Structures are given as structure tokens and as C-alpha cells.
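Trainee: One structure coming up, written as C-alpha cells, with questions to follow.
The values are calculated or read from the model by the stated rules, or taken from the named source; none is laboratory data. Note that the structure is a prediction, hence the values are computed from the model and not measured. Positions of Cβ are backbone-derived with ideal geometry, glycine not excepted, and every protein chain shown enters the neighbour counts. Just so you know, the surface numbers come from the protein's heavy atoms only, side chains and all, with ligands and any DNA or RNA stripped out. Shrake-Rupley method; radii C 1.70, N 1.55, O 1.52, S 1.80 Å.
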Amino acid sequence: MNRFFLCLLLASTLSLDVARAQTLTPSPGASPSLSAEVVASEAVDRVWSGHSVRFALVTTKADIVVGYYDANRQLTVARRRKAGGGWTYQKLDTWNDWDSHNYIAIAEDVAGRLHVAANMHSSPLTMFVSDPSGDVRTLKRVTKLVDVGLERSMTYPIFLRDRAERLIFKYRDGSSGNGNEIYDVLNAKAGRWSRLTSAPLVDGEGQRNAYFMGPVIGPDSWFHIAWVWRETPMAETNHDLSYAKSPDLVHWFKADGTPLTLPIKLKDAEIVDPVPEKGGMINNNTLIGFDEQANPTITYHKFDKAGDTQIFLARHRGKQWDIAQVSDWKNYRWDFSGGGSLNAEIFVGGAQPIGEGLLKVPVIRLGQSIDFVVRSNGLSLVEARPVQSLADQLKRTIKSPEGMQLNIVNAAGDHGEIYALAWSARPPHRDMAAPDIPDPTTLFFLTLRPKAR
């Protein structure tokens, strides 16, 4: 497994409905490339800093909810009113070790219950649910959702909503190289989960598993998803960029509308780009975007003919996928391999229309944020524009200890503001213990106002 179960959250994510904020799960080490000023800042707690793992930040109608691992690695959930005031804290009976996969996912259902899933990497279900008041002090552990037999080896918990606003919980059942994607749906009135589909979304046939990015809700109100197939726990065995879309997360189709039968197997999947194993494509760094006509795009990277790592953009328009190389880096090759959470060199974002027939493709390489601007007609490069990330701007006031990175998780506010969590931690360490334990750092909650460009 590696760090790319996490997806880069870029500026486009800020326009997502808050209820769907968990459909994309960013790496905490890759912050959006936007310009903003800090309106307010407050310290929430002292937190674990031995390795980076994604914390959670969600909003309800009136409140802000955050989830994190405290200084002793214990899962903690805190809640306060948007209007201000003190935080209410609740410590939960689970502790992270050294695993950067054990990120936190939080959602509120329509009945007001708070759902918290965390600390799972091929692990039994670890979920806590509050009563309908949503008070974090009422959170209690849940030992079963639907089928205990499929809830013994869970990874990558994500909450999202379907068109009917039902709460959906998705996760991987199994392990790297041999796992299936499971979707559960909540009956909020009864407080009971059931299987959304009778079959998993994909079937690796005991030989491989799929690593998904999304589902992402497009301008067409359909769900779009991209993935790679992976043969073993080794990161270099990713291959065959794939795609599917759905109106309801139950019925799935290829880009041209051809129905897909669940579970989707490799031989039946829509292959966007047949990248081979060891071809430079890493799992889940495959981000969905859209052009100005709502055509789906996928940003990803692979090796070019010279063996250098390059950014590519695929777009479905008409009856086919067109693929264009976006970057033109010379003598640069991210030759990743092995298992465990990698300290990533590249993050990519979904393409975004920016007017005048142009698309922006956000990328971070070796810590530098870059906006690649391409012509929508033909996908040819106009410019590669270095930009500042939100983390770059916050580093001026939040100083990270030596050897640590500033992590950012953000969400949209109600009136154009941006909420963010910021904390310093060491990069991922392949999920292995370090020879020492650093001092905890401060978790900050920030309110920001975007600056006009």
C-alpha cells in the first residue's frame, strides 16, 4: 500500500456541497493552490506528529466538527458552533500506531447522528455513532454495519451522499492486491445500514484489486470514478487506467453509455490508458475533472518514451478518450516501488475550466505547486505557471519543526469563507516505527477569506 489512497484536494473541491466533502480524500501534505488571508486562528489541541495521517474537518448546518489523533495518538472528535465558542471534546477508544493509511472520515446523517470511521488498514470495523443530537459525548462504538464477515479487513472509509441525499459509506474489503470496493447505504430513520448493491463494484478475481478516486459528482449530476488495477502490495504493480460513471451508484456505465455488469472485472472494464506495470502510474493519483462542456477528464502521471515521469490528461469527448502529455520534464523520474506509505513526490488535481477556452491542471511536484494551462480544444499546453499553495502561505505564520511538513485539510464555509485545519508532522514513514518520538505539535483551526486573483 502507499500514500496514494489519499487524493489531492485542490481549489475546485471548495465548490463541492459540504455534504459531499468526503467524496474526495486529500493528502494532508498537499494543500490547495489558492490565495487566501487568515481571518481568525485558534489552537484546538496538541496532536501526534510522528507521521502524517489525514485528519477530518466537516461542517453541519450550525457546527464545525474535527477529528484527529491527539498527542498520545488517541482518536479525538471535537465540535463547536460556527458562530464561535468553546470546543466540546470526546476521546474514543482507538489509537493509531505508525500507519499513514489510518485516516479519519466523519459525516452527519439527516437524522443528526454523527458517524466517525477511522484507524482502519485491513482492520476490523472501527466506527462510532452519536445519538440524534450529534453531541460528540454520545459517540459509541459500532461493531457491525451489515455483514461482520465483510467487515474484518477494512480500509479507506469514505462517506458520501447519493442523489436522494442518503448517506453512503464505502470501503475496501480485503488487502492490497486482493480486495473489493463495498458500498453501504444508511436508512437514517431506522438507523440501519444495508448493502447498496448486491455485488461489489469491482472484482479482482483473487489476483488484484482496484484503487479508486471518487466517486466525484460532475456538472451532469452523475457520479464519475477513475481507478487503476494493482497486482500486488508493491506500488510499482499498478496498471490500466480505468473509468466508469453512474447516475445512482447502483447502475454503472462506460463513458459512451454502455452498461457495465457488477462486479466489474479487468476484462470488462473501460481501459482509458493501458499503462503497464512499472509504467510510472501510481494508485489513486488519477483525478477526475471536467471541461467547460462537462466532458470528464482524468489527470495522472506515467513514464514517457524516454523514461521520464510526465503528467498526462485524458478526456472523453464524442466516442473516444483523447490523451495528451501536459508536462515536458527532462531527466526527472519518480521511480517509486515497494510497500508502505510513500513520501510522495507528485500530487495531481482534476482539470478545471477557467474560461477563454482554457483548462487548468493543478499539480504539485517536489513541493512546488504548478498550474498547467492547456487549450480545451486539443489539450495543447499554453503555460506551466508556478503558484503558491495554501500551505506555502501559512508557513509564514505557522512554523514547522525541522523535518516536518505543514499539513492542511480544508472545507467550504457557508458565505464564501474557507475553514482549514493546519498542523505539523513528519512525512509518512512507510508505516514503520521511527527510532524516536517527536514532541506533539499544535492543531490550528483557521477561518480564511479567498483573495481575488
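Trainee: Among the residues of the stretch 129-148, is any open to solvent by less than 10 Å² (accessible area, probe 1.4 Å), in contact (Cβ under 8 Å) with a residue 60 or more places away in the chain, under 24 Å from G340 (Cβ atoms) and not small (G, A, S)?
Mentor: no
Trainee: Follow-up. Out of the residues in the stretch 421-444 meeting the condition of being out of contact with any Phe, Trp or Tyr (no Cβ under 6 Å at 6 or more places or on another chain) and crowded, with 23+ Cβ neighbours inside 10 Å, tell me which one is modelled with the lowest pLDDT.
Mentor: Top of the filtered list is P428.
Trainee: Name the residue, out of A306, A344, that is in a loop (DSSP other than H, G, I, E, B), open to solvent by 50 Å² or more (accessible area, probe 1.4 Å) and either in contact with a Lys or Arg (Cβ under 7 Å, 6 or more places away or on another chain) or free of Cβ contacts under 8 Å to residues at least 12 places away in the same chain (or both).
Mentor: Details: A344 fails: open to solvent by 50 Å² or more (accessible area, probe 1.4 Å).
Being in a loop (DSSP other than H, G, I, E, B), open to solvent by 50 Å² or more (accessible area, probe 1.4 Å) and either in contact with a Lys or Arg (Cβ under 7 Å, 6 or more places away or on another chain) or free of Cβ contacts under 8 Å to residues at least 12 places away in the same chain (or both) holds for just one of A306, A344, which is A306.
Trainee: While we're here: Just to be sure I understand, how many residues within the stretch 282-295 are out of contact with any Lys or Arg (no Cβ under 7 Å at 6 or more places or on another chain), over 24 Å from E236 (Cβ atoms) and crowded, with 16+ Cβ neighbours inside 10 Å? So that I can check it myself, show each step before the final result.
Mentor: Start the filter on the stretch 282-295 by keeping residues that are out of contact with any Lys or Arg (no Cβ under 7 Å at 6 or more places or on another chain), which leaves 282, 284-290, 292-294.
Now restrict to residues that are over 24 Å from E236 (Cβ atoms): 289-290, 292-294.
Remaining after also requiring crowded, with 16+ Cβ neighbours inside 10 Å: 289-290.
Residues flagged as out of contact with any Lys or Arg (no Cβ under 7 Å at 6 or more places or on another chain), over 24 Å from E236 (Cβ atoms) and crowded, with 16+ Cβ neighbours inside 10 Å within the stretch 282-295 amount to 2.
Trainee: Could you list, in sequence order, all residues of the stretch 305-321 that are among the small types (G, A, S) and either within 22 Å of the chain's Cα centre (by Cα) or modelled with pLDDT of 95 or more (or both)? Don't jump to the end; show me each part of the working.
Mentor: If we filter the stretch 305-321 for residues that are among the small types (G, A, S), which is where we start, we get 306-307, 314, 318.
Within the stretch 305-321, A306, G307, A314 meet the criteria.
Trainee: Okay, moving on. Out of the residues in the stretch 322-341 meeting the condition of being open to solvent by 20 Å² or more (accessible area, probe 1.4 Å) and small (G, A, S), tell me which one is nearest to the chain's Cα centre (by Cα).
Mentor: Filtering the stretch 322-341 for residues that are open to solvent by 20 Å² or more (accessible area, probe 1.4 Å) and small (G, A, S), the one nearest to the chain's Cα centre (by Cα) comes out as G339.
Trainee: Just one of (1) open to solvent by 20 Å² or more (accessible area, probe 1.4 Å); (2) at positive phi trips up R365, so point out which.
Mentor: The number of the failed condition is (2).
Trainee: Next question. Can you find a residue that is in a strand (DSSP E or B), free of Cβ contacts under 8 Å to residues at least 60 places away in the same chain, surrounded by fewer than 21 Cβ atoms within 10 Å (Cβ to Cβ) and of a type in the set (V, I, T) anywhere in the stretch 234-254?
Mentor: No; the residues of the stretch 234-254 include none that is in a strand (DSSP E or B), free of Cβ contacts under 8 Å to residues at least 60 places away in the same chain, surrounded by fewer than 21 Cβ atoms within 10 Å (Cβ to Cβ) and of a type in the set (V, I, T).
Trainee: Just one of the numbered conditions (1) at pLDDT below 95; (2) of a type in the set (A, V, I, L, M); (3) open to solvent by 10 Å² or more (accessible area, probe 1.4 Å) is not true of I271; which one?
Mentor: (1)
Trainee: Which members of the stretch 368-389 meet the condition of being open to solvent by 60 Å² or more (accessible area, probe 1.4 Å) and either part of a strand (DSSP E or B) or of a type in the set (D, E) (or both)?
Mentor: Q368, R375, L381, V382, E383, R385, P386
Trainee: Answer yes or no as to whether V228 is assigned to a strand (DSSP E or B), farther than 27 Å from V142 by Cα and at pLDDT below 95. Give the steps one after another, and end with the answer.
Mentor: Working: assigned to a strand (DSSP E or B): yes; farther than 27 Å from V142 by Cα: yes; at pLDDT below 95: no.
It is false that V228 is assigned to a strand (DSSP E or B), farther than 27 Å from V142 by Cα and at pLDDT below 95.
Trainee: State yes or no: is G349 in contact with a Gly (Cβ under 8 Å, 6 or more places away or on another chain) and open to solvent by less than 50 Å² (accessible area, probe 1.4 Å)? Lay out the reasoning, then the answer.
Mentor: Working: in contact with a Gly (Cβ under 8 Å, 6 or more places away or on another chain): yes; open to solvent by less than 50 Å² (accessible area, probe 1.4 Å): yes.
Considered against the rule, which asks whether it is in contact with a Gly (Cβ under 8 Å, 6 or more places away or on another chain) and open to solvent by less than 50 Å² (accessible area, probe 1.4 Å), G349 comes out as yes.
Trainee: Can I ask one more? Restricting attention to the stretch 75-112, which residues are closer than 13 Å to F128 by Cβ and surrounded by fewer than 16 Cβ atoms within 10 Å (Cβ to Cβ)?
Mentor: Selection gives K91, D93.
Trainee: Only residues that are polar (S, T, N, Q) and open to solvent by 60 Å² or more (accessible area, probe 1.4 Å): list them for the stretch 160-209, please. If you could, list the steps in order and put the result at the bottom.
Mentor: Residues of the stretch 160-209 that are polar (S, T, N, Q), as a first pass: 175-176, 178, 180, 187, 194, 197-198, 207, 209.
Selection gives N178, N187, S198, Q207.
Trainee: A62 - would you say it is under 26 Å from A188 (Cβ atoms) and surrounded by 23 or more Cβ atoms within 10 Å (Cβ to Cβ)?
Mentor: Working: under 26 Å from A188 (Cβ atoms): yes; surrounded by 23 or more Cβ atoms within 10 Å (Cβ to Cβ): no.
For A62, the condition - under 26 Å from A188 (Cβ atoms) and surrounded by 23 or more Cβ atoms within 10 Å (Cβ to Cβ) - is not met.
Trainee: Still on this structure, please answer the following. When you scan the stretch 77-159 for strands (runs of 3 or more DSSP E) that lie fully inside it, which ones turn up with 1 or more residues that are on the phi > 0 side of the Ramachandran plot? Reasoning before the result, please.
Mentor: Working: elements: 88-95, 105-108, 114-117, 121-123, 127-129, 140-142.
Per the criteria, 121-123.
Trainee: Where the second residue is at pLDDT 95 or above and of a type in the set (D, E) and the first is closer than 15 Å to L201 by Cα and lies in the stretch 151-171, which pairs have Cβ atoms under 6 Å and are six or more apart or on separate chains?
Mentor: Between residues of the stretch 151-171 that are closer than 15 Å to L201 by Cα and residues that are at pLDDT 95 or above and of a type in the set (D, E), the close pairs are F169/D184.
Trainee: Moving to a separate point now. Could you check, for the stretch 256-264, whether at least one of its residues is within 20 Å of the chain's Cα centre (by Cα), small (G, A, S) and within 29 Å of A164 (Cβ to Cβ)? Working first, answer last.
Mentor: At the first step, the residues of the stretch 256-264 found to be within 20 Å of the chain's Cα centre (by Cα) are none.
So far as the stretch 256-264 goes, no, none of its residues is within 20 Å of the chain's Cα centre (by Cα), small (G, A, S) and within 29 Å of A164 (Cβ to Cβ).
Trainee: Tell me, yes or no, whether the stretch 268-285 has at least one residue that is closer than 21 Å to Q352 by Cα, within 21 Å of the chain's Cα centre (by Cα) and either part of a loop (DSSP other than H, G, I, E, B) or of a type outside the set (A, V, I, L, M, F, W, C) (or both).
Mentor: yes
Trainee: Applying the selection to the stretch 255-282, what residues are closer than 11 Å to V228 by Cα and touching a residue at least 40 places away in the same chain (Cβ under 8 Å)?
Mentor: Scanning the stretch 255-282 gives L266, A269, V272, D273, V275, E277, M281, I282.
Trainee: Still on this model: State which residue is farthest from E108 (Cα to Cα) when the search covers only the stretch 49-67 and only residues that are assigned to a loop (DSSP other than H, G, I, E, B) and under 17 Å from the mean Cα position of the chain (by Cα). Walk me through it before giving the result.
Mentor: In the first step, residues of the stretch 49-67 are kept if they are assigned to a loop (DSSP other than H, G, I, E, B); the result is 49-55, 60-62.
Those left that are additionally under 17 Å from the mean Cα position of the chain (by Cα): 52-55.
Details: S52: 25, V53: 22, R54: 19, F55: 16 Å.
Result: S52.
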